[in-house]
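The block underneath contains the structure these notes are about, expressed in structure tokens.
We did not get these values from a lab; they are worked out from the coordinates using the rules stated. Quantities reported herein were computed from a predicted structural model and do not represent experimental measurements. Counting neighbours? That spans all protein chains shown, and the Cβs are built from the backbone with ideal geometry, glycine included.
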Amino acid sequence: MFMDQFLITGSSRIAGEVTISGAKNAALPLLAAMILAETPTTLHNVPSLQDVRTLIELIGGMGIHIQKQDDTVTCDTKNIDNFYAPYDLVKTMRASILVLGPLLARFGEAEVSLPGGCAIGSRPVDQHLKAFEAMGAEISVENGYVKARAPKGGRLLGCHFSFDMITVGGTENVIMAAALAKGTTVLGNCALEPEVVDLANMLVAMGAKISGIGTATMTIEGVERLHGCEYSVVADRIETGSYLAGALMTRGDVLTKKTTASLLHPVLEKFEAMGAIITTGDDWIRAQMKGRPKPVDIRTQPHPGFPTDMQAQLMAICCLADGTSTIIENIFENRYMHVPELNRLGASIQVDGHTAVVKGVEKFTAAPVMATDLRASMSLVMAAATAEGDSLIDRIYHIDRGYEDVENKLRALGVTIERINTND
Ligand code: EPU
């Protein structure tokens, strides 16, 4: 197994321009949605990431013709020969569960491995399954697999359903299924994340009838068939925020291009409160930072609140702030694994349950550290880039799951970074 490491020589001022890729968390549901179309679909601005490769392999394994060339994925579902998502692939990426709704809606049956827990929390999929049951599906869990079957006649039935909690993946899975259901589905307590909106817009381009997009209640009038379309993945707001964070940590100046400020207002507001000068245009955002960051208090919340996927990167900025910040993680129960690693780099963070108290220090100091999950990895990379000396970051496969071309982008921003291939 390849266990690459990053060697980062610190003391960088993070400054320069970086082009933002398509969003991982939009690309994954959009790829799953391709299963719904009877004619070929083309998706542009798809990032080259391990998670994208995994989902393409999963869909290809069903006999569907799907391929990626550069940033474009084409998919033709003419020849599907099974409706099965095996444990081997699902265990590496929880978003695989997103094929369940499309398979069930289009073919009336699916067998998808139940994703296990993951590093950041137990992450059940009960809400997805509850909604499919409300649409008349028969669901059983056998030998670690979810077996789902549409009611007699092979089509799911429109229904009224309200999620018990806000779930991004749940909302996505169910709107895909409802698009082909018989009758109208009214979904309450939907997630409002930009990636959910992107999916709903692509479904409309495929012929779905959805109203209330971007609000908590979506109404989906099921249609008999969906056709292919050409669509482009929305910019990655988390990648954007991650690189801008570098400017705040190093009195730097970062210009992110091919991205959209309206996608990340809650993050930009905090950056401004920390002292950054944020300027934006139609498709760019720039963060300039003069002094030391000011401390802030944040609590992660569903959109339009502060995103959990930026919590670790924001914490890395707080570590260098001139005062004490408080962070409350409300979405996942175990998303502080970067804390001991940041402390190894000289930070002063204490965690009590969901709350982290971050006492600002003047600087990070180099140390060997271990990446624990995708966003945690980025906080460590940024911290190491500012630290004096060489830091070795282990287990960077986490970062490859979600940040396209990360070392070249970091180099363009002035970070001295080298990938070390270790072949275990
Ligand atoms: N939840 C349940 N039951 C469900 C569904 C969710 O209890 O049926 C809980 C989860 O355990 C969690 C909370 O509800 O505590 C929110 O989970 P959600 O379903 O919203 O998350 P997700 O769809 O599994 C997506 C992103 C995550 C991001 C979250 C929250 C993708 C592929 N993943 O996950 O992204 O953190 O929404 O915004 O879209 C990342 O990119 O690093 C990442 C983890």
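The per residue volume of the convex hull around the alpha-carbon atoms of the chain is 125 Å³. Using a Gaussian network model of the chain in which every pair of alpha carbons under 10 angstrom is joined by a spring, one finds that among 47, 307, 124 the greatest mean-square fluctuation is at 124. The trypsin sites (Lys or Arg not before Pro) of the stretch 284-322 that meet both conditions, a loop assignment by DSSP and at most 15 other Cβ atoms within 10 Å of the site Cβ, are 290. Any idea what angle helix 24-33 forms with the longest principal axis of the chain, computed on alpha-carbon atoms, 0 to 90 degrees, nearest 10? Relative to the chain, helix 24-33 is tipped by roughly 10 degrees. The helix-only estimate of mean residue ellipticity at 222 nm for the chain, built from DSSP H runs of length n ≥ 4 each weighted as -39500 (n - 2.57), is -8500 deg cm²/dmol after division by the residue total.
What the phi angles of the stretch 71-77 give under the Karplus curve with 6.51, -1.76 and 1.60, with θ = phi - 60°, is a coupling list of 9, 10, 10, 10, 9, 10, 9 Hz, glycine and proline written as x. Considering only 46, 406, 267, give the residue with the highest GNM mean-square fluctuation for the chain, with springs between Cα atoms whenever their separation is below 10 Å. The residue that fluctuates most here is 406.
Each residue in 128, 303, 354, 265 was given a count of other beta-carbon atoms within 10 angstrom of its own, and listing them fewest first yields 265, 354, 303, 128. Once the Kirkwood radius over Cα pairs is known for the stretch 195-272, the Stokes-Einstein relation at 10 °C and 1.306 mPa s delivers a diffusion coefficient of 106 µm²/s. Computed over the stretch 24-232, the quotient of the alpha carbon radius of gyration and 2.2 N^0.38 Å is 0.91. For the peptides 32-39, 7-14, 75-82, 327-334, the ranking by packing is 32-39, 7-14, 327-334, 75-82, with the highest mean count of neighbouring Cβ atoms within 10 Å listed first. Taken about its Cα centre, the stretch 129-230 carries a charge dipole of about 460 debye when Lys and Arg each add +1 at the Cβ and Asp and Glu each add -1 at the Cβ.
Applying the criteria of a DSSP loop state and at most 15 other Cβ atoms within 10 Å to the trypsin sites (Lys or Arg not before Pro) of the stretch 158-234 yields 225.
Evaluated with a Cβ-only charge set (Lys, Arg +1; Asp, Glu -1), the chain carries a dipole of roughly 460 debye about its Cα centre, given to the nearest 20.
When 159, 190 are arranged by Cβ crowding within 10 Å, least crowded first, meaning fewest neighbours, the order is 159, 190.
Residues whose amide H lies under 5 Å from that of residue 146, counting only those 5 or more places away or on a different chain, are 112, 113, 114; hydrogens are built 1.01 Å from N in the peptide plane. Remark: the stretch 24-232 carries a charge dipole of roughly 300 debye about the Cα centre, counting +1 on each Lys and Arg Cβ and -1 on each Asp and Glu Cβ. Per-residue Cβ neighbour counts within 10 Å put 260, 422 in the sequence 422, 260, beginning with the fewest. Note on the chain: GNM, Cα springs under 10 Å; of 31, 49, 103, the largest mean-square fluctuation is that of 49.
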